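Q: Pasting a structure here, questions to come.
The values are calculated or read from the model by the stated rules, or taken from the named source; none is laboratory data. What you see is a predicted model, and the numbers here were worked out from it, not measured in a lab. Every residue, glycine among them, receives a Cβ derived from its backbone with ideal geometry; neighbour counts consider all protein chains shown.
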């Protein structure tokens, strides 16, 4: 996938992309020769609901500055997974607030297999947040 140059001091953005929707969407961005910041790392996952609450806090503690969870939304092939994910993130947001972490560092969004613009928009918005906030403080 094409990436645009970025400053080495920029924070890292982790994308959890569902293999049935968002990951093919990310792949279509590359096939379209579109570019996005080089501080972006995409992890292909079955379903992001599989990650426990502490996973996100561990990521911030280990140097990730922003996380985007790109899922299939309500069209997830695993019944109830999207709703469960949204509820889990509500708990994570509370934990983040308790640790003085800006909740804008974590986003849940639905990305389809051909959502190039939506994918790029989400990455660029998170990159702006990460640049504004700087690295997370020790969590």
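Q: Output the residues belonging to segment 98-139 that are touching a strand residue (DSSP E or B) at 6+ places or on another chain (Cβ under 6 Å) and surrounded by fewer than 15 Cβ atoms within 10 Å (Cβ to Cβ).
A: Across segment 98-139, the qualifying residue is only 135.
Q: Then there is this: Kindly list the number of the only condition in (1) loosely packed, with under 14 Cβ neighbours inside 10 Å; (2) under 15 Å from residue 136 (Cα atoms) that fails for residue 91.
A: Here residue 91 meets the rest and fails (2).
Q: So which of 54, 33 is closer than 20 Å to residue 124 by Cα and surrounded by fewer than 15 Cβ atoms within 10 Å (Cβ to Cβ)?
A: 33
Q: Evaluate segment 59-72: report whether one residue or more is surrounded by 14 or more Cβ atoms within 10 Å (Cβ to Cβ), more than 14 Å from the chain's Cα centre (by Cα) and in contact (Cβ under 8 Å) with a residue 40 or more places away in the chain.
A: Yes, the conditions are met somewhere in segment 59-72.
Q: Which residue pairs have Cβ atoms closer than 6 Å, lie 6 or more positions apart in sequence or on different chains, and pair a first residue in segment 73-91 that is on the phi < 0 side of the Ramachandran plot and modelled with pLDDT of 90 or more with a second residue that is surrounded by fewer than 19 Cβ atoms within 10 Å (Cβ to Cβ) and part of a helix (DSSP H, G or I)?
A: 91/53
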